[in-house]
1. When Arg199 is evaluated against the numbered criteria (1) under 19 Å from Met1 (Cα atoms); (2) open to solvent by less than 40 Å² (accessible area, probe 1.4 Å), which criterion, by number, is the only one it fails?
2. Of the residues Ala88, Ala83, which single one is open to solvent by less than 10 Å² (accessible area, probe 1.4 Å), modelled with pLDDT under 95 and more than 30 Å from Pro242 (Cβ to Cβ)?
3. Out of all the residues in region 39-66, which are farther than 13 Å from Leu27 by Cβ, in contact with a strand residue (DSSP E or B) (Cβ under 6 Å, 6 or more places away or on another chain) and part of a helix (DSSP H, G or I)?
4. I'm trying to understand the selection: among the residues of region 10-32, which are of a type outside the set (Gly, Ala, Ser), surrounded by 24 or more Cβ atoms within 10 Å (Cβ to Cβ) and outside any strand (DSSP E or B)?
5. Here's a check for you: in region 104-118, which residue that is surrounded by fewer than 18 Cβ atoms within 10 Å (Cβ to Cβ) and touching a residue at least 12 places away in the same chain (Cβ under 8 Å) is nearest to Leu9 (Cα to Cα)?
6. Within region 33-50, does at least one residue satisfy the condition of being within 24 Å of Trp187 (Cβ to Cβ), among the hydroxyl-bearing types (Ser, Thr, Tyr) and crowded, with 24+ Cβ neighbours inside 10 Å?
7. List pairs: first in region 162-173 and touching a residue at least 12 places away in the same chain (Cβ under 8 Å) and closer than 17 Å to His23 by Cα, second part of a helix (DSSP H, G or I) and open to solvent by less than 10 Å² (accessible area, probe 1.4 Å), Cβ under 8 Å, 6+ apart or cross-chain?
8. Which residues, counting only those in region 154-193, are surrounded by fewer than 19 Cβ atoms within 10 Å (Cβ to Cβ) and either within 13 Å of the chain's Cα centre (by Cα) or among the acidic types (Asp, Glu) (or both)?
Amino acid sequence: MIDLVSPTLGLALGGGGTLGGAHIGVLQVMHERGIRPGVVVGTSAGALVGAAYAMGIDPYRLEELLLDVHWQDVAAVPRRPGAGLLDAAALRESVTELIGGDVLIEDMPMRFAAVATDVASRRAAVIERGSLVDALRATISVPGLFRPVQVDGRRLLDGGLRANLPLEEALGVGASPVIAVRVAPDWDVPGYSSSRIVRGLEARPDVLVISPVLRGRTWWQTKDLAGVVAAGRAAAEAALAPPPRPLPTHTDG
């Protein structure tokens, strides 16, 4: 078991569409067991959940919000044709409402980073500063579905292209140990694949991987989201179980 009270404990939350609801169940169990990370790093859906958590929103309230979410909260049909079918600009309004206004990532109460993919370099872009809403728009911009988002002069797409489980990125910002929550496999898109690197990192002794059982569910399925949260809870309760107490010893006399 990793050191769950370390001040450098990191939490890496992977992408996976609506399967990201399982992150909420993991956060609920962490809350109940007093486990608080020093930094949260998220990709796509993991970044949405992680940002809300890092802003101090109660994980039980997050479940309520998940069950009430609508597709139009995160996407809109663009007025002009472009590189994607949808524009994530509608996310600005919903996230701004959720957190009470856009904030600078560096001013958040808990350290946070969102992971997107730089279109030009094909490398992961770890966003630790600037507009939180712009960072979230970038990290959810699934290629072909959403338009790329401009952040600091870079055209960014969904972080899942390069780092669907942002474990390397969490370690890269100084987190150790790391709880990594995988809700979906790596994309393995030619020219972007990083699954071999991630598999090696998952075996590190300072990494604990939590993998909720989500078989039979698709990334965009909105049915039974409460069951997705429950799957996250079950996986976290098993992975974060306290060590068994030693049996009492008996001495003669």
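The values are calculated or read from the model by the stated rules, or taken from the named source; none is laboratory data. Worth saying up front: this structure is predicted, and the values here are computed from it rather than measured. Cβ sites come from the backbone with ideal geometry, for glycine too, and all protein chains shown count toward neighbours. To get the accessible areas, we keep the full protein, side chains included, count just its heavy atoms, and leave off ligands, DNA and RNA. Shrake-Rupley method; radii C 1.70, N 1.55, O 1.52, S 1.80 Å.
1. (2)
2. Within the list Ala88, Ala83, the selection yields Ala88.
3. Ala47
4. Leu19, His23, Ile24, Val26, Leu27
5. Of everything passing the filter in region 104-118, Met110 is nearest to Leu9 (Cα to Cα).
6. yes
7. From region 162-173, the pairs are Ala163/Val198; Leu165/Val198; Pro166/Gly46; Leu167/Val198.
8. Within region 154-193, just Asp188 meets the criteria.
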